[in-house]
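The values are calculated or read from the model by the stated rules, or taken from the named source; none is laboratory data. Not measured: the values here are computed from a predicted model. Every residue, glycine among them, receives a Cβ derived from its backbone with ideal geometry; neighbour counts consider all protein chains shown.
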Amino acid sequence: MQPDTDPNNRQNQIWGEAQNPALQQQFQSPQQQVIILNPKYRPELNLRLISTGILVLGIAISIALPFIGIDESGSVLFQISAYICCSSFILALLVDAVYLKGKSDWQTSLGMSNTWSLVSLVLSILFALGLIFILVLNLIGDRSY
């Protein structure tokens, strides 16, 4: 006995080309989420590098200025170099505070804790205000040259 070779057989329909469209199911694979375990804050404009550059340039100028100025008296050049150094610290701290504000906003948008960014931000601003106060007192108070 031979098996029945009827083209309308149920087994032939499942494996053959004449399948019922209701039986054909298209499965879409679900989109996978990518979770980054330790995300890093990488802004387009890295203000931390700019603040470091300001600080290094200010310190370099304040160190080199007393040795370059030959015609002026030494005490005036040392005072000017101290003002430049203090000003570079102030500018670097303020630029770093802007960087920390952006980092804090980024951490908040990801649902991460931004406690240390805010603490660093407040300390940077307080230190910059202290240096501004010292610089202004120095500029006003010492006019003996």
Can you tell me which residue is farthest from residue 140 (Cα to Cα) among those in segment 41-81 that are touching a helix residue (DSSP H, G or I) at 6+ places or on another chain (Cβ under 7 Å), of a type in the set (A, V, I, L, M) and at pLDDT below 90?
65
Regarding residue 77, is this residue assigned to a helix (DSSP H, G or I), in contact with a Gly (Cβ under 9 Å, 6 or more places away or on another chain) and farther than 20 Å from residue 44 by Cα?
yes
Inside segment 107-145, the number of residues satisfying the requirement of being among the aliphatic types (A, V, I, L, M), loosely packed, with under 13 Cβ neighbours inside 10 Å and either at pLDDT below 95 or more than 25 Å from the chain's Cα centre (by Cα) (or both) is 6
Just to be sure, is residue 131 out of contact with any Leu (no Cβ under 7 Å at 6 or more places or on another chain), assigned to a helix (DSSP H, G or I) and in contact (Cβ under 8 Å) with a residue 40 or more places away in the chain?
yes
